[in-house]
1. When you check Phe345 against the structure, is it among the aromatic types (Phe, Trp, Tyr), farther than 25 Å from Asp17 by Cβ and either open to solvent by less than 10 Å² (accessible area, probe 1.4 Å) or out of contact with any Phe, Trp or Tyr (no Cβ under 9 Å at 6 or more places or on another chain) (or both), yes or no?
2. Considering only segment 459-483, state which residues are part of a helix (DSSP H, G or I) and small (Gly, Ala, Ser).
3. Of all residues in segment 265-283, which are closer than 14 Å to Gly295 by Cβ, touching a strand residue (DSSP E or B) at 6+ places or on another chain (Cβ under 8 Å) and not in a helix (DSSP H, G or I)?
4. Would you call Leu791 crowded, with 21+ Cβ neighbours inside 10 Å and part of a loop (DSSP other than H, G, I, E, B)?
5. Which of (1) at pLDDT 95 or above; (2) under 25 Å from the mean Cα position of the chain (by Cα); (3) not in a helix (DSSP H, G or I) does Ala333 not meet, given it meets every other one?
6. Can we say Ser412 is out of contact with any Asp or Glu (no Cβ under 6 Å at 6 or more places or on another chain) and in a loop (DSSP other than H, G, I, E, B)?
7. Quick one: is Val889 open to solvent by less than 10 Å² (accessible area, probe 1.4 Å) and without any contact (Cβ under 8 Å) to a residue 40 or more places away in the chain?
8. Out of curiosity, is Thr562 within 17 Å of Asp631 (Cβ to Cβ), at pLDDT 95 or above and of a type in the set (S, T, N, Q)?
Amino acid sequence: MGETPRTPEYPAHWEADVVLRDGTTAHLRPVGPEDASGLARMHEAQSPDSIYLRFFTFKSRLSQKELDRFTHVDYRDRVGLVVLRGGEILGVGRYDRLDDPEEAEVAFNISDASQGKGIGSILMEHLAVAARENGIRRFTAEVLPENRKMLSVFQDSGFDISRRFDDGVVAVEFSIDPTAKVRAVMESREHRAEARSLAELLAPEAVAVIGASRHPGSVGFALLRNIIEGGYTGPVYGINPEALELAGMISRATLAEVPGPVDLAVVAVPVPEVPAVVEDCARHGVKGLLVVTSGYADTGQEGLARQRELVRQARANGMRVIGPASAGIINTAPAVSLNASVAPFLPVRGSVGLFSQSAAIGATLFAAAHRRGIGLSSVVSAGNRADVSGNDAMQYFEDDPATAAVGAYLESFGNPRKFSRIVRRLSRSKPVVVARSDVMGRRLPPGHETRTTQAPAGAVDSMLEQTGVIPVDNHDDLMDLLQAMACQPLPAGPRVGVVGNSLALNRVVTDAVERHGLTVTTTVDVPGLDAEHRVEDAARTIGRAVRGAAESGAVDSLLVVTQAGMHQGPGDADVLAAAVEEGARGSGVAVLASFTGVLDPDYQAATVRSSAPAAEDGGLQRGLPLFSSPDQAARVLSRLVRYREWRRAEAGVPVEPAGVDRERAEDLLEAWTARATGTDLVRLSAAEACELLDCYGIAVLPSERFRTADEAVAAAERLGWPVALKAVDSYLRHRLDLGGVRLNIVDADSLRRNVAQMRSILEPYGSPSLEVQSMAPAGQACTISALEDPLMGPVVSFGIAGDAVDLLDDWVHLVPPLTDQDLGRMVRAPRAAAKLFGHGGLPPVDTAALEDLLARTAALKDDHPQVARIRFNPVLASDRGMTVLSAEVDVANAAQRTDSARRAMRG
């Protein structure tokens with residue numbers, strides 16, 4: 001018998017952790033010879049019906065020859081993938097290339113115990129990505145008509161499926177091109193799975209605190225006490241092998257002594273003990289871990305390695321991880337009442353969801369929300385963000401009916417491209433306020449220490465604005481907005497009414513409102529507070545004024561500002577706040593207030609006064625948001641109005657340019673990127689760049705380099721007179737002032753003279769090479785660039801060429817895919833964009849052609865991460881269309897983009 005051929009190494013990026021439909025995790029990787037015994041066990045555990053549906057016959061076991069064939073593959077013409085948990089195979093998918101090299105037959109087998117968890121769909125996505133990398137464009141399959149589950153996997157995949165009945169089986173065939181529909185289906189599945197995975201942890205049936213302690217002041221003591229005193233509705237178990245009693249309960253040494261299942265394990269043991277705890281949790285079937293223990297990535301490279309092993313161990317056994325170094329999680333739903341955090345009490349029930357990363361920031365946000373009286377629905381502190389991240393939280397908040405507004409403090413981006421996609425959808429239904437650290441967008445996640453290209457300054461802010469997020473600078477601004485969202489409806493428009501008891505103060509407030517871009521349509525003056533007016537009388541007067549203004553139909557929001565009088569007593573501010581809140585109740589008008597001159601030492605200037613918990617899930621809590629100054633309140637109103645306007649605007653539809661040949665572009669890039677080594681960039685030649693751009697319908701105005709004046713004349717004859725003469729150097733070719741370009745050269749003699757003069761002038765710059773180019777129609781010069789950032793993925797930038805971008809940084813940056821509305825805003829967003837719309841008496845440019853060029857550039861960059869950078873400078877925009885005068889394209893080795901056409905958890 002011959003020796004079994006050695007299986008080649010598989011591509012490392014095919015390996016991934018995945019979230020299943022039920023919210024649990026599993027590990028996906030290419031199959032190998034070591035899986036033979038696992039496949040045999042899975043097959044023997046299958047029902048006769050399942051075996052028949054997969055193999056069209058019954059076989060009690062797989063032969064050694066079959067096991068060898070299934071597990072020895074070449075990862076090119078024959079590929080197999082397995083999904084595992086705890087070392088056991090849950091499902092397998094494979095393809096075999098057919099006689100047509102662009103076609104492969106695909107097949108799946110899912111264990112009976114794991115069916116209905118979406119494993120078949122996940123295997124389909126990953127096999128399609130692997131197949132496309134290997135030049136395969138179509139999948140085929142043969143399925144028995146009674147195998148409805150498998151037929152549903154194909155039908156619901158998003159691929160354009162063709163089916164026909166042939167010789168007793170259903171023949172299925174489809175292109176595996178990742179179309180917009182395929183991506184939409186994948187994203188929908190990903191959303192449901194990730195939202196459910198976090199929901200299971202925020203509403204566990206039972207909780208165990210591992211490392212619970214009897215010693216006050218210890219983290220383990222505080223966590224157990226807070227869960228119990230918070231009124232958690234399920235059973236809670238204290239795990240500590242050295243204690244007999246914990247918080248009046250019997251202590252357990254391990255989870256094996258717990259009488260029932262545990263969904264959430266809160267881990268507060270020293271770092272060396274964590275691996276054994278995770279193993280114990282895996283044996284007990286725990287769904288997720290909340291790790292408050294620190295000493296992982298927060299301590300350096302050794303800690304990072306421990307953290308990766310923690311995540312690997314947990315995910316391989318089906319568990320999500322919140323943390324490590326987490327401050328905890330909170331769910332105020334009465335049916336749950338979970339305070340698994342270091343916060344000493346459960347916050348008031350409300351409609352605001354909070355997310356933070358580090359424990360310190362989490363504690364700060366919780367304290368600020370409590371101090372201001374902001375009601376919360378749930379709180380997630382992700383700590384080091386080793387597994388559960390802000391993206392998972394946003395997926396959960398979108399589905400959570402108890403959350404009506406979201407606040408997040410982000411210190412770094414794990415996957416901004418995915419965040420952009422998720423939060424853009426979330427912002428359409430719920431406002432999202434994000435405070436971010438100054439280094440966010442510049443900080444690389446572990447394992448990404450080098451960059452070939454980097455997104456320009458301002459790209460992160462542009463991305464947030466593109467998605468409808470309300471960006472703020474710090475946690476105080478974050479809380480300002482959240483306290484308004486917690487108890488007031490969004491303003492319907494920019495009309496503001498001012499109610500106050502001081503004419504001078506009303507004028508100051510009016511100026512502040514208008515300075516923030518809003519319109520004051522109503523001003524109501526009420527009597528001031530003095531010795532002759534009791535506070536109760538003044539409160540009733542202000543309440544009636546607020547009611548009248550709110551019901552007038554002339555305002556969308558009210559800003560109430562009162563000046564306290566000389567004679568004031570403790571609690572006067574509360575009386576006034578209650579009257580204002582009562583006057584506006586039920587009007588649908590947003591009311592914010594600022595009480596100035598209050599001497600009461602117990603008065604808090606920034607808070608929700610007279611607050612009461614939300615009456616229903618997702619509802620507003622009763623209360624009045626107070627601010628320390630009228631300008632602060634006006635700024636909050638302005639941001640809420642801008643967000644409402646964004647939400648009302650059309651979302652747009654993704655633009656897919658016509659005439660695009662993605663497959664040809666991919667084939668070209670495969671050859672060119674082979675020249676790249678490591679992180680080096682390879683600059684394509686002018687001819688190569690034009691060939692690639694042609695795949696996306698982008699033409700570059702012809703040009704030819706030359707060495708002698710005679711060659712220049714010959715080139716001009718081929719291109720056609722008149723021509724332009726330019727330095728090839730990317731800096732000089734646009735600089736008329738430095739002599740790097742000469743225009744409208746009409747004949748051979750003139751061209752010869754200009755060549756001699758330009759060479760003389762440019763000699764101090766190193767005598768750069770020269771070229772001649774066809775003359776373009778006169779127009780406004782613009783600049784377009786697109787690059788691949790390792791964090792954000794593709795970023796497309798647009799600006800008006802010249803001083804606007806060179807000196808004033810007047811760019812707009814967007815993250816593909818772009819909608820028609822994105823494109824319309826993009827060409828109008830730069831401050832210098834007026835030059836495109838008839839400025840100075842010039843005809844407006846063809847904006848439809850400009851938007852089409854931007855759409856094609858974005859599509860090229862979105863489709864091909866190996867295109868590291870594209871730069872068109874200049875693009876001449878005229879009323880007759882667009883002309884690209886110069887194109888530079890750099891390529892590099894294709895890294896695995898953080899958001900690809902397959903579901904995979906962040907590493």
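1. In short, yes.
2. Matches in segment 459-483: Ala459, Ser462.
3. Val267, Ala268, Val269
4. Judged against the criteria, Leu791 is a match.
5. Result: Ala333 fails condition (2) only.
6. For Ser412, the condition - out of contact with any Asp or Glu (no Cβ under 6 Å at 6 or more places or on another chain) and in a loop (DSSP other than H, G, I, E, B) - is met.
7. Spelling it out, it is not the case that Val889 is open to solvent by less than 10 Å² (accessible area, probe 1.4 Å) and without any contact (Cβ under 8 Å) to a residue 40 or more places away in the chain.
8. no
The values are calculated or read from the model by the stated rules, or taken from the named source; none is laboratory data. In this text, all values refer to a predicted model and were calculated from it rather than measured experimentally. Reconstructed Cβ throughout: ideal geometry from the backbone, glycine too, with neighbour counts over all protein chains shown. These area figures cover heavy atoms from the full protein model, side chains too; ligands, DNA and RNA do not enter into them. Shrake-Rupley method; radii C 1.70, N 1.55, O 1.52, S 1.80 Å.
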